[in-house]
Amino acid sequence: MAEIQSEIATQAARWVVEDGLEYGPAKRRAVKELGLNGRGALPSNEVLEEAVMDYIAVFCADTQPHELQALRRLALDWMARLSEFRPHLGGAVWHGSATRKSDIYLQLFCDDSKSAEIALIDQHVSYVPRTVSGFNGEMVEALSVHAFCSELNEDIGVHLMIYDFDDMRGALKPDARCRAPRGDAAAVRRLLTQRTA
């Protein structure tokens, strides 16, 4: 079973890095491509993240550090634009496994759930509202925008996930690997000053 999960993770990692697929769709695509049935246990996100980092180390070591820093700077720009909503960066851009194909995920902690939407309208930003699974598994509203990244010379998806201010209490609990699952603007600035391996 562990060998099959490792094979799924290895295949899925390629699509995460090269096509920008999210972890769930990448695992399902790997199962299909490998000719397996979908009833077996899929590798955990932690196992897939390790496979992604391995893939990056082998195939993208010369480009990924620059791409990651560019995405973190773009995220920081959006965090500054939306600072009143206490933005926190999560996902691959926060954890360091992002490439130019990765989207940026910002969690906003709002006193009023419509206030972030109004801020985007006031800033003349086009967005697509949708509902996604939040960090606790509950459904939350997300506002998705396309932001041009001049360093990468392409549009990047920026997803603003809307949470209630009270949700912030549980948002910073360490994950299964004892890492901070997301960080505020000060934490992102610290990442930008660190040397990227």
(request) Roll a 1.4 angstrom probe over the protein heavy atoms and tell me the percent of accessible area of the stretch 133-179 that is carbon or sulfur. (result) 52 percent
(request) Pull out a ≥ b ≥ c, the square roots of the eigenvalues of the alpha-carbon gyration tensor of the stretch 31-120, then state rounded if a/c is under 1.5, prolate if not and a/b is larger than b/c, and oblate in the remaining case. (result) oblate
(message) For a protection proxy built on the mean count of beta-carbon atoms within 10 angstrom, sort 140-147, 175-182, 115-122 highest first, please.
(response) 140-147, 115-122, 175-182
(request) Only Cα pairs under 8 Å and at least 6 apart count here; give the relative contact order of the chain as a rounded whole percent. (result) 19 percent
(request) Could you tally the net charge around residue 74, taking each other residue with its Cβ under 12 Å from the Cβ of residue 74, Lys/Arg +1 and Asp/Glu -1? (result) -2
(message) Can you tell me the orientation of helix 2-19 relative to the chain, as the angle in degrees between its alpha-carbon axis and the longest Cα principal axis, to the nearest 10?
(response) 50 degrees
(message) Using a Förster radius of 35 Å, what is the FRET efficiency between residue 57 and residue 180 based on their Cβ-Cβ separation? Nearest 0.05, please.
(response) 0.95
(request) Find, among the GluC sites (Glu not before Pro) in the stretch 1-89, those assigned to loop by DSSP (not H, G, I, E, B) with at most 10 other beta-carbon atoms within 10 angstrom. (result) none
(request) Grab the Cα-Cα distance for residue 115 and residue 192, subtract it from 0.36 nm times how many residues apart they are, and report the gain in nm with one decimal. (result) 24.8 nm
(message) Just to verify a number: what accessible area does residue 53 come out at with the full protein assembly present, 1.4 Å probe, Å² rounded to tens?
(response) 80 Å²
(request) Evaluate 2.2 N^0.38 Å with N set to the residue count of the stretch 87-179, then give the Cα radius of gyration divided by it. (result) 1.12
(request) Return the distance in nm (one decimal) between the two label points of a simple spin-label model at residue 152 and residue 123, each offset 7 Å from Cα along Cα→Cβ. (result) 1.7 nm
(message) Restricting to DSSP loop positions (anything but H, G, I, E, B) with no more than 14 other Cβ atoms inside 10 Å of their own Cβ, which trypsin sites (Lys or Arg not before Pro) remain in the stretch 53-157?
(response) 114
(request) Rounding to the nearest 20 debye, state how big the charge dipole of the chain is about its Cα centre with +1 on each Lys and Arg Cβ and -1 on each Asp and Glu Cβ. (result) 340 debye
(message) Bin width 10 Å, origin at 0, all Cα-Cα pairs of the chain: what percent of pairs per bin?
(response) 9, 34, 36, 18, 3, 0
(message) Here is the link list: 27/114; 101/173; 32/114. Which ones come out longer than 30 Å on Cα distance?
(response) 27/114; 32/114
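The values are calculated or read from the model by the stated rules, or taken from the named source; none is laboratory data. Because the structure is predicted, anything quoted here is derived from the model rather than measured. Here Cβ is always computed from backbone atoms with ideal geometry, including for glycine, and neighbour counts include all displayed protein chains. Each accessible area value is taken on the protein alone, full model and side chains, heavy atoms only, with ligands, DNA and RNA left out. Shrake-Rupley method; radii C 1.70, N 1.55, O 1.52, S 1.80 Å.
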